[in-house]
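Colleague: I am attaching a structure below and will ask some questions about it afterwards.
Please treat every number below as a calculation from the coordinates, not as lab data. Model, not experiment: these values are computed from the prediction. As a convention, Cβ positions derive from the backbone with ideal geometry for all residues, glycine included, and neighbour counts pool all protein chains shown.
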Amino acid sequence: MFWTAVYYLCLVAWVTCAVMFVLKRDQLTSKLLIGAMLLSVLSWIWAFFKRRAARCPLCKGTPLLNSGALPHGRAVRLAPLNHGTTACLSLLFTQEFRCMYCGNLYDLMKSNQATRPQPGVAPESDTES
């Protein structure tokens with residue numbers, strides 16, 4: 001998700017440089033615009049491969065990219081965006097996402113079941129007495 005955040009920041013930089021170029025057309029702003037565009041393309045390519053490698057633990061789908069498959073009924077989507085982009089933004093801002101294929105909600109801040117203390121069970125100590 002780091003590279004997706006970098007990509008979104010590069011898009012903001014590109015739009016800012018485009019506005020600067022429209023307001024003040026000189027060689028420096030044109031170089032900044034081309035540099036921001038190049039960084040946006042490179043970060044998009046890198047983020048694409050990173051998002052494609054991410055898999056849902058339950059259904060083994062790629063919830064951060066749309067594949068054209070029919071989404072689950074509980075899948076969440078923001079109106080102008082697709083399901084994959086919505087999942088990326090949800091991960092960036094809330095640290096949770098809902099898989100678009102199986103509908104399962106994953107919370108990255110929730111501790112693992114194996115490491116969570118069980119009610120009524122005393123924790124084991126690692127030291128031998």
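Colleague: Please report how far the C-alpha centroid of segment 16-54 lies from that of segment 76-98, rounded to the nearest whole angstrom.
Modeller: First find each Cα centre; the distance between them is then 23 Å.
Colleague: Under 27 Å from the Cα of Lys50, which lysines turn up, not counting those fewer than eight places away in the same chain?
Modeller: Lys60, Lys110
Colleague: Moving on. Using the membrane-span-like helix rule (whole DSSP H runs, Cα extent along the own axis of at least 18 Å, mean Kyte-Doolittle hydropathy at least -0.5), which helices of the chain qualify?
Modeller: Both cut-offs are met by 2-23, 27-53.
Colleague: Further question on the same structure: Before anything else, pin down the relative contact order of the chain: Cα pairs under 8 Å, at least 6 apart, normalised by residue count, whole percent.
Modeller: Rounded, it is 18 percent for the chain.
Colleague: Further, regarding this structure: Setting aside same-chain residues fewer than 8 positions from Lys31, which lysines have a Cα under 18 Å from its Cα?
Modeller: Within the straight-line cut-off, Lys31 pairs with nothing.
Colleague: Once amide H atoms are built 1.01 Å from N in the peptide plane, which residues 5 or more positions from Arg55, or in another chain, come under 5 Å H to H?
Modeller: none
Colleague: Across the chain, where is the longest run that never hits trypsin sites (Lys or Arg not before Pro) in a DSSP loop with at most 12 other C-beta atoms within 10 Å?
Modeller: Answer from the scan: 75-109.
Colleague: For Trp46 and Val76, compute 0.36 nm times the residue count separating them, minus their Cα-Cα distance, and round to one decimal in nm.
Modeller: Net length gain for the segment: 8.3 nm.
Colleague: Using helices alone, I'd like the mean residue ellipticity at 222 nm for the chain: each DSSP H run of four-plus residues gives -39500 (n - 2.57), total over residue count, nearest 500.
Modeller: The helix-only estimate for the chain comes to -16500 deg cm²/dmol at 222 nm.
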